[in-house]
Amino acid sequence: MAKLYFRYGTMGSAKTLNLLAVLHNYEQQGKKALLLKPLLDTRFGHDVVQSRAGLSHKADLLLQGEDKIQLQAFLPLQCILVDEAQFLHPSVIQQLRDIATYDNIPVICYGLRTDFRGRLFPGSQSLFELADSFEEVKTTCAYCNKKATMNLRFIEGKATLSGETVLLGADENYQPACYPCYRQKLFAAEKTSAV
Ligand SMILES: [Zn+2]
């Protein structure tokens, strides 16, 4: 039985860079790895996995909702790499679990642990329930030197807890933060908007 891995981190923790490095290593060794991602993430074009550091690679498979993973066309495979796994439907995570178990293909998922409200994404929750191995991809808080564990959302420069979980095309950005800085930024934004 192969393993299902969940490598989670905040925004800006170089998860995708890490994924692309693993993919590069497989390719260098002449091994085939399948690159999979949810269709939802359209930041850099539908089928491209791109890290903020500039590296990119075309995705082999895009999944939406409760899609069934059709592996036949891609076999044999040495590994499956998943980007933005937090956005996958729990039924897709269950399929990945079964692929690792019964098809004996290791599945390495990269994704966010929680959203900007500090709540688990459905895909991440399923991974915490089903994965064999967990690894935190670490980065530093944008405001101090502690480890970042939270994602702060800014809209028009102000930290906020409001809005949809996924805002496509909105004028927003995110910063990784430790919990005390996360609370402090939200508190400060609340105070200025109350005046
Ligand atoms: Zn901090």
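The values are calculated or read from the model by the stated rules, or taken from the named source; none is laboratory data. Values in this document were obtained by computation on a predicted structure and should not be read as measured data. Cβ: placed from backbone, ideal geometry, glycine included. Neighbour counts: every protein chain shown. Keep in mind that these areas ignore ligands, DNA and RNA; they rest on the heavy atoms of the full protein, side chains included. Shrake-Rupley method; radii C 1.70, N 1.55, O 1.52, S 1.80 Å.
Some points to look at:
- Translational D in µm²/s for the stretch 121-178 (Stokes-Einstein at 25 °C, 0.890 mPa s, Kirkwood Rh from C-alpha pairs): 183 µm²/s
- Each part reduced to its alpha carbon centroid, the stretch 108-153 and the stretch 9-83 end up 18 Å apart.
- Virtual paramagnetic centre 7 Å along Cα→Cβ of Arg52, amide N under 18 Å, in the stretch 108-129: 110-118
- Karplus (6.51, -1.76, 1.60) ³J(HN,Hα), θ = phi - 60°, over the stretch 62-74, in Hz, Gly and Pro reported as x: 10, 10, 9, x, 9, 3, 8, 7, 9, 8, 3, 5, 9
- Along the chain, counting only trypsin sites (Lys or Arg not before Pro) with a DSSP assignment other than H, G, I, E or B and at most 16 other Cβ atoms inside a 10 Å radius, the longest segment between sites is 147-195.
- Heavy-atom accessible area per residue - the chain, 1.4 Å, Å²: 52 Å²
- Max mean-square fluctuation residue, GNM over the chain, Cα-Cα springs under 10 Å, options Gln50, Gln72, Gln125: Gln72
- Which of Ser51, Ser13, Ala2, positive extreme of dipole for the chain (C-beta unit charges): Ser13
- For the stretch 4-136, a/c is less than 1.5, where a ≥ b ≥ c are the root eigenvalues of the C-alpha gyration tensor. That puts it in the rounded class.
- Relative contact order, whole percent, for the stretch 150-194 stands at 47, derived from Cα pairs under 8 Å and 6 or more residues apart.
- A simple spin-label model places the labels of Lys32 and Arg183 5.2 nm from each other, with each point 7 Å out along Cα-to-Cβ.
- GNM on the chain, alpha-carbon springs under 10 angstrom: the most fluctuating residue among Pro180, Pro38, Pro106 is Pro180.
- Each 5 Å bin from zero holds the following percent of Cα-Cα pairs in the stretch 150-194: 5, 23, 33, 23, 13, 3.
- Fraction of beta bridges assigned by DSSP in the chain that are antiparallel (%, nearest 5): 40 percent
- Each Cα pair under 8 Å and six or more residues apart adds its separation to the average, and for the chain the resulting relative contact order is 26 percent.
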